[in-house]
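Here, each number is a calculation from the coordinates, and none is a lab measurement. Model, not experiment: these values are computed from the prediction. FYI the Cβ positions are ideal-geometry reconstructions off the backbone, even for glycines, and counts take in every protein chain you see.
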Amino acid sequence: MQITLYTRATCPFCVRAKALLDQLGKPYTLHEHQEGDAELTAAKAEWNHHTVPIVIIDGKLIGGCTELEN
């Protein structure tokens, strides 16, 4: 299973998503950005998901923290 997260350091939902994956022992690739960062803006457009975190599992958009928790 390959997990990728696009996050912001100050986002509480991003912190929750990372904590959940850490607790479950699931490795993930982290792309942490500041709001307005060009790479984060591009990821939001590519995945058509305009909030963070952006959670990708095996190349498919899962959604954000709420979807990851479910």
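Tabulated data
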read-out	value
For the chain, cysteines whose Cβ has no other cysteine Cβ within reach (under 4.7 Å)	CYS65
Simple label model, 7 Å out from Cα along Cβ direction - THR29 to ILE57, nm	1.8
Using alpha-carbon coordinates, inclination of helix 38-47 to the longest axis of the chain, degrees	70
Answer label for Rg and Dmax of the Cα atoms in Å (calculated), chosen among (i) 13.9, 45; (ii) 10.9, 31; (iii) 14.7, 49	(ii)
Relative contact order for the chain, counting Cα pairs under 8 Å that sit 6 or more residues apart, in percent	42
Mean ellipticity per residue at 222 nm, deg cm²/dmol - from DSSP H runs of n ≥ 4 across the chain, formula -39500 (n - 2.57)	-11500 deg cm²/dmol
The chain - share of DSSP beta bridges that are antiparallel (%, nearest 5)	60
Hits among aspartates and glutamates - C-alpha to C-alpha of LYS60 under 15 Å, sequence gap 8 or more where chains match	GLU46
